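Inspection log for the structure reproduced underneath, given as structure tokens.
The values are calculated or read from the model by the stated rules, or taken from the named source; none is laboratory data. Because the structure is predicted, anything quoted here is derived from the model rather than measured. Note: ideal-geometry Cβ built from the backbone for every residue, glycine included; neighbour counts use all protein chains shown.
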Amino acid sequence: MGLDLNSSAHYMLPSKRAAGGEVVIEEDGPICSATESLTKKPRLDSVASSAATAASSANTGNAKSTGNPTATIITNNHGSGNVESPIMTLGNGKSQDIDEDLHSRQLAVYGRETMRRLFASNILVSGMQGLGAEIAKNLILAGVKSVTLHDEGVVELWDLSSNFVFTEDDVGKNRALASVQKLQELNNSVVISTLTTELTKERLSDFQAVVFTDLSLEKAIEFDEYCHNHQPPIAFIKSEVRGLFGSVFCDFGPEFMVLDVDGEDPHTGIIASISNDNPALVACVDDERLEFQDGDLVVFSEVQGMTELNDGKPRKVTNARPYAFQIEEDTTKYGSYVKAGIVTQVKQPKVLKFKPFRDALKDPGDFLLSDFSKFDRPPLLHLAFQALEKFISELGRFPVAGSEEDAQKLISLVASINGGLSDGRLEEINQKILRHFAFGARAVLNPMAAMFGGIVGQEVVKACSGKFHPLFQFFYFDSVESLPTEPLDPNDLKPLNSRYDAQISVFGSKLQKKLEDANVFVVGSGALGCEFLKNLALMGVSCREKGRLTITDDDVIEKSNLSRQFLFRDWNIGQAKSIVAASAAALINPHLNIEALQNRASPETESVFNDTFWENLSVVINALDNVNARLYIDSRCLYFQKPLLESGTLGAKCNTQMVIPHLTENYGASRDPPEKQAPMCTVHSFPHNITA
């Protein structure tokens, strides 16, 4: 069963709204209404047209822009037409109750107090290329009080491969102004404003956290020093994406208190015995391993016999073992333990002393590792990003993709910086890695922007709420293994005056053509599915005649989806997820050939997803949330020898797995231990119904 949009690609787009007040975007001010009594809600049609609509509300809601190719959306339902949507007012910045229907998932992860702090936070995002757009999107969905978008530059064709809010009609317009109305659609409770002139450090005092994605080292030192010494300190985050390389730096002030280090519920144990010793030995039942660590504080309750421990006093854990531990307490004169008792961890706040950016550049301390096979990579990238800054300062441009001369220039700059170090000097410089860094330095790739947008967005939440341990202080990441195995011809990296030029500068035009000809199957269009569709559309996957992207999901949109499934709007509630997501993705890239279905991929629908369908696929992407569904898709990929990209989320945690035929184990080859809790997204039966 499917739905058909062939004759009406705007099926799930909003109709024209009732006029109330003109949306006004000021260079140094927030979005406001020209009519005080009415505020106007932005519309999805602005995604299809251009940022010029920001100055007027007289748009028609067409699904595609004049002059752009028409995206192919195939379904089998002759559904209804446009849907009227009520006007919603923008947030006024005052204290508001939490909309539990909208933010139910966030409440479960962050808690009510953290959400209140978040809702009172004003954030600056400077640099509205792909990374800035991803960060802003995540913060707006999270529901901060306000987001100010800053950018002095204009949209280039180059930007279209990484920024989901830009269209070809936006080329030549200021990036911040071209972004504001489309980002406003994500959450009307967040006040979004723009800055298009040069930023001064004094202006930073308006914010609780400031994020920079395209800032020189000189300015970063100046701004960070101001934020670090401000009272109270302003959280400063600097992040960059350069081709397949990325970095994040955080400075949350001289003393930053983390109220909850991991966001987990306090660990507990059921007591089996307590000795009358010094120190006392506490043994617990062996049904489940204890998760206490040496130094943890615990309290006892409901202990019978040795009731002296029920006084609520925290006691320090020592010599922690899987089912027992000692406490720094002399219990020789206490009553003898009889039975029962519960021991509970007491969570303690932690104070972090951040170094200013100037000092951290010279003495970065320990780097956070994401790949232990690359333990020597962060120190090299720490120098590479500094060398790139010097390269741009001296030559006034980025290194040219494929230019050996530029690559050698960058390598010499790295060697020069390294030679000037007294401590932490690298014994060997990996020139191959630096060549890759130089070749892709100008490109902001969408997958990298999406990844770092998520990381930085989470760091802002930590800075504003004190929940979860922040990055301390540098994080570097690279994905050079994503490059083609065969050497790239420098001529293959040259721009073609297309929206994919940034991607071509890293991977080459041959791989780009393969992506555009790919046949892809995405199973599920919830939170992960929306992100995947956006990424695929921006990358140009399935965007030529031979290519086809099929997405299936038999679920419909609910209000609670809107805070994280960013392709949906409030007027889409009750509509089919796959249909709405497919059409929104087609607006991001009008060349996308996408087919939206509402079928479960299960043994019962193998007449739809038949052998021919599976044999023609290039890759399968799971966006599911239960094990049985994943196992079924995995079994089909295993049978038809198809690559599978598997991932999942649970609160602030996530996992990914790449399943490559004849190279890796398949998803079903190993099983995780039983979950202690049910994933939140399965409690209410979301995309897991796609498969049996």
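Points worth noting:
- Filtered residues of segment 440-482 (kept if in a helix (DSSP H, G or I), among the charged types (D, E, K, R) and within 22 Å of ALA142 (Cβ to Cβ)): GLU459, LYS462
- The residue that is surrounded by the most Cβ atoms within 10 Å (Cβ to Cβ), among those in segment 476-532 that are within 27 Å of ASN628 (Cβ to Cβ) and out of contact with any strand residue (DSSP E or B) (no Cβ under 9 Å at 6 or more places or on another chain), is GLY526.
- Filter result for PHE367 (under 26 Å from ILE417 (Cβ atoms) and loosely packed, with under 15 Cβ neighbours inside 10 Å): no
- Test: ARG671 is basic (Lys, Arg) and not in a helix (DSSP H, G or I): yes
- Some residue of segment 551-565 being touching a residue at least 40 places away in the same chain (Cβ under 8 Å), on the phi < 0 side of the Ramachandran plot, assigned to a strand (DSSP E or B) and not polar (S, T, N, Q): yes
- Among the residues of segment 593-601, at least one is of a type in the set (Lys, Arg) and crowded, with 18+ Cβ neighbours inside 10 Å.
- When ASP101 is tested against (1) of a type outside the set (A, V, I, L, M); (2) free of Cβ contacts under 8 Å to residues at least 40 places away in the same chain; (3) assigned to a loop (DSSP other than H, G, I, E, B), just one condition goes unmet, and that condition is (2).
- Any chance VAL608 is under 22 Å from LEU533 (Cα atoms), among the β-branched types (Val, Ile, Thr) and touching a Pro at 6+ places or on another chain (Cβ under 7 Å): no
- Members of segment 155-182 that are in contact with a Phe, Trp or Tyr (Cβ under 9 Å, 6 or more places away or on another chain) and in a helix (DSSP H, G or I): ASP159, LEU160, SER161, ARG175, ALA178, SER179, LYS182
- None of PHE391, PHE437, PHE375, PHE398 is within 16 Å of TYR476 (Cα to Cα) and at pLDDT 95 or above except PHE437.
- Candidate set: segment 134-154, residues that are of a type outside the set (Val, Ile, Thr), under 23 Å from ASP97 (Cα atoms) and in a loop (DSSP other than H, G, I, E, B); chosen: the one nearest to the chain's Cα centre (by Cα): GLY143
- Being farther than 23 Å from HIS469 by Cβ, among the hydrophobic types (A, V, I, L, M, F, W, C) and in contact with a strand residue (DSSP E or B) (Cβ under 7 Å, 6 or more places away or on another chain) is a property that does not hold for ILE221.
- Scope segment 362-391; condition in a helix (DSSP H, G or I), touching a residue at least 60 places away in the same chain (Cβ under 8 Å) and out of contact with any strand residue (DSSP E or B) (no Cβ under 9 Å at 6 or more places or on another chain); matching residues: GLN386, GLU389
- Contact map, segment 488-504: first residue closer than 22 Å to ALA449 by Cβ, second residue surrounded by 22 or more Cβ atoms within 10 Å (Cβ to Cβ) and acidic (Asp, Glu), Cβ cut-off under 9 Å, separation 6 or more or different chains; pairs are PRO495/ASP501; ARG499/ASP159; ALA502/ASP159.
- Residue match in segment 273-286 (condition: of a type in the set (Asp, Glu) and free of Cβ contacts under 8 Å to residues at least 40 places away in the same chain): yes
- Scanning segment 220-250 for residues that are within 21 Å of ALA449 (Cβ to Cβ) and assigned to a helix (DSSP H, G or I) gives a single hit, ALA220.
- Of all residues in segment 169-206, those that are of a type in the set (Asp, Glu) and touching a helix residue (DSSP H, G or I) at 6+ places or on another chain (Cβ under 7 Å) total 1.
Results for (1) of a type in the set (Phe, Trp, Tyr); (2) touching a residue at least 40 places away in the same chain (Cβ under 8 Å); (3) under 13 Å from LEU381 (Cα atoms), shown as yes or no for each residue.
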residue: ASP423; (1), (2), (3): no, yes, no
residue: ILE433; (1), (2), (3): no, yes, yes
residue: PHE437; (1), (2), (3): yes, yes, yes
residue: ALA441; (1), (2), (3): no, yes, yes
residue: ASN446; (1), (2), (3): no, yes, no
residue: ALA449; (1), (2), (3): no, yes, no
residue: PHE452; (1), (2), (3): yes, yes, no
residue: ILE455; (1), (2), (3): no, yes, no
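- A search for C-beta distances below 8 Å between a residue of segment 643-656 that is among the charged types (D, E, K, R) and any residue that is outside any strand (DSSP E or B), counting only pairs 6+ apart in sequence or on different chains, returns GLU646/ARG630; GLU646/ASP634; GLU646/TYR667.
- Inspection of segment 246-254 identifies at least one residue that is at pLDDT 95 or above and surrounded by fewer than 17 Cβ atoms within 10 Å (Cβ to Cβ).
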